[in-house]
Each structure stands twice: as C-alpha cells, then as structure tokens.
Amino acid sequence: MRYRSHARIHAILTEHPGEPRSERTFTTSEDLRAGASGTWFLSPLGLVVVLLVLAANRAQRSPEFVSWRTMARLMSDVMPHSKMQDCIDYDAVAELYDLYAAATYDYDFFLSRISPGMRVLELTSGTGRLSIPLAKAGAVITCVDISQGMLSVLERKLEKGGLQANLLCADIQHLDFNEEFKIAVLPFQSFMELVGKEKQLNALRSIYQALMLNGRFYCTMHNPAVRRCMVDGVVRAVGSFESARGHIVVTGFETGGDPVVRRSQFIERFDEAGHAESRILQLMEFEMIDEGTFREMAVSVGFHVTAVFGDYTGRKYDAETSPVMIWELEKCEA
C-alpha cells in the first residue's frame, strides 16, 4: 500500500481499562522535523484523536469498539476546516503524495527483473514512484492508476525528465489489454486495497489477460501475521516532511483486521511559520489476505506460482516473520 508501515514514530498515547497508563512524552513539530526517531509526537489533529480515544476508554470501551466512521465524523465536527472522505481519494493528495511516500526499498527488486525494451505494465502506479526508475532503465512502460490527479503528477515528471510512458486512468479490475506485456507489477502492497474476493478475482483475471504467454506478474502484499500488530487503534505518526512552503505532518490509526482494516489518515499542512494551512482527513480500507487464499485465487484464474518472496532482497517467504509476501506468478498455457 502506498503509505502503510512507514511508521517510525510510535504510539502517542494509549490507555486501556485495567492496564497501566503509558508514559507520555509530547514534543513539537520542530523536534519531529529534526528527525527525532522514536520520539512521541502530538500534532493538533492528533490531540483531537487522542481525546476521543480516551473518552471511549473512560466509558470502558476500547478504540476497537468506537465506530471508525463515527470517530472520523466527530473529528470533522471539531476540525471544521478538515476534509472528510467516505473512501480514500488519491486526487485530493496527489500534489502532496511524493512528500510522504518516497520509498525506494523495492527499486532493486523490480529493476533486476526487467531489461531495456521490455514491455512492462505497472498497476496502481500513482505519481510514478516506481515508474520513473523503470522508464530510466529502458522499459516500455504502461502506467495504470484510478486517480487522474496522480497520473497528472506523473505526466509532469516524465516530461521534466525527458522520459516516455503510456498513462491510463482505469480500474485494474477492468483492463482492456490482450497479451501485450512481458511483466506486470503491482507494487507498494496495493493489491490489498481491493476489498472483497470478487474485486480481487476480477483484477487477477484482468492482469492475466494482459500478459503474454509465459509473462510474469509480481504482486506485493503485507504478511497478515506481521502487519496485524499495527492494527490496534493507536495513533501513529508517519512523519513530518518538508514542502516548498513549509511542511506536512501525516498521522493515522487503524482498527479491524479480520480481515478488513479501516485506516483513518490525517494530513496537515503548515506554512514556514508553523501555522496550519489545511487539514485532510481520509478514510481508507484494505484487506488482510492470507497466503492460502491468494494462492487459490491466483491458480483459479490460470496463474502458476513460481515463487513467494518474504522481502525485497528475495528471501523465501516465512509465514511467521516475513514482513511482506511478494508473489511471482507466471501465465502458462491452459
């Protein structure tokens, strides 16, 4: 997923009935911007979340029992300048996205699997975090994303770099390609944003149809056994990131996880003087998909599982400890 598990700064404040209150250390955004890794941070919007969580706890209810949407609407009421979405809207954050989602950890993994002139299909390409390196490596790349706003940012970056790619605004469940690509990649664990077996199967069939015979699909997901540890209703900071006119602070919390995770993510913009300019509250969902379930779906649409990696160095997947599942699927003759 495009943001998930970047948290390097842990829980702001938790209090559960019958358990000792956690230590509280609040710092300023300046401390966070200075890179105080491990420091607990409380932003203005984070304070609202904490107060709501504590109110729920005092009523002898854990955050898990507080309605995700109710929490978001309460925060929208007390933060009148916030923008609330019924589901994640990537267009709303397209111009900010590169500030907080600039990960490079998977570059070598994907670049080692392509060669100049290879026809590559990148799914949920977003603003081109991976697309730009693939294009620079000589791939003939087609980038698909459901957000036109994200693709517009990617288009500008391609023009600036003198690079070429085909851009398509579409749902990956409904692609109209016919055996055109040697490689398809779905990075950043974004397959999990397809909630429900019907959507997941639709996407797998669509990608299968787009591949040449013996073409390969690399599908990335979190390992549910490891990822669920972060789904606990606790507010965590993704971080504070410099922008052209100040900085942004990204925080969020997650509930559920059996199998659907509900994430509330907050993006706050501050000017150079530290004054709040805007706040965006986004609601999103993603689904924990276990190894057996995904394998069954992939095989049912015709894929052959050639490998399952547990990290981006290519280590074998371990169901208990691997942070991710990276599936290498091959389109074979029927």
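The values are calculated or read from the model by the stated rules, or taken from the named source; none is laboratory data. Since this is a predicted model, take the numbers as computed values, not measurements. Note that we place each Cβ from the backbone using ideal geometry, even for glycine, and neighbour counts take in every protein chain shown.
Here are the numbers for the structure shown:
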{"quantity": "Tally of residues being closer than 26 Å to Phe286 by Cβ and touching a Lys or Arg at 6+ places or on another chain (Cβ under 7 Å) across segment 164-190", "calculated": "6"}
{"quantity": "Residues of segment 104-125 satisfying the condition of being among the small types (Gly, Ala, Ser) and surrounded by 15 or more Cβ atoms within 10 Å (Cβ to Cβ)", "calculated": "Ser125"}
{"quantity": "Test result for Ile114, modelled with pLDDT of 70 or more, in a strand (DSSP E or B) and among the aliphatic types (A, V, I, L, M)", "calculated": "no"}
{"quantity": "Residue that is free of Cβ contacts under 8 Å to residues at least 24 places away in the same chain and not assigned by TED's automatic domain parsing to the domain that holds Tyr90, where the choices are Glu198, Glu180, Glu193", "calculated": "Glu198"}
{"quantity": "Only listed residue being at pLDDT 95 or above and either basic (Lys, Arg) or in a strand (DSSP E or B) (or both), chosen from Glu320, Glu296, Glu330", "calculated": "Glu330"}
{"quantity": "Filter result (farther than 21 Å from Gly162 by Cα and either outside the structural domain of Tyr208 (by TED's automatic domain parsing) or not hydrophobic (A, V, I, L, M, F, W, C) (or both)) within segment 105-130", "calculated": "Tyr105, Asp106, Asp108, Ser112, Arg113, Thr124"}
{"quantity": "Count of segment 280-319 residues which are buried (at least 17 other Cβ atoms within 10 Å of the Cβ), touching a residue at least 24 places away in the same chain (Cβ under 8 Å) and in contact with a Pro (Cβ under 8 Å, 6 or more places away or on another chain)", "calculated": "4"}
{"quantity": "Residue satisfying all of: in segment 264-279; of a type in the set (D, E, K, R) and free of Cβ contacts under 8 Å to residues at least 60 places away in the same chain; surrounded by the fewest Cβ atoms within 10 Å (Cβ to Cβ) among these", "calculated": "Glu272"}
{"quantity": "Residue match in segment 233-253 (condition: modelled with pLDDT of 95 or more, polar (S, T, N, Q) and not in a strand (DSSP E or B))", "calculated": "no"}
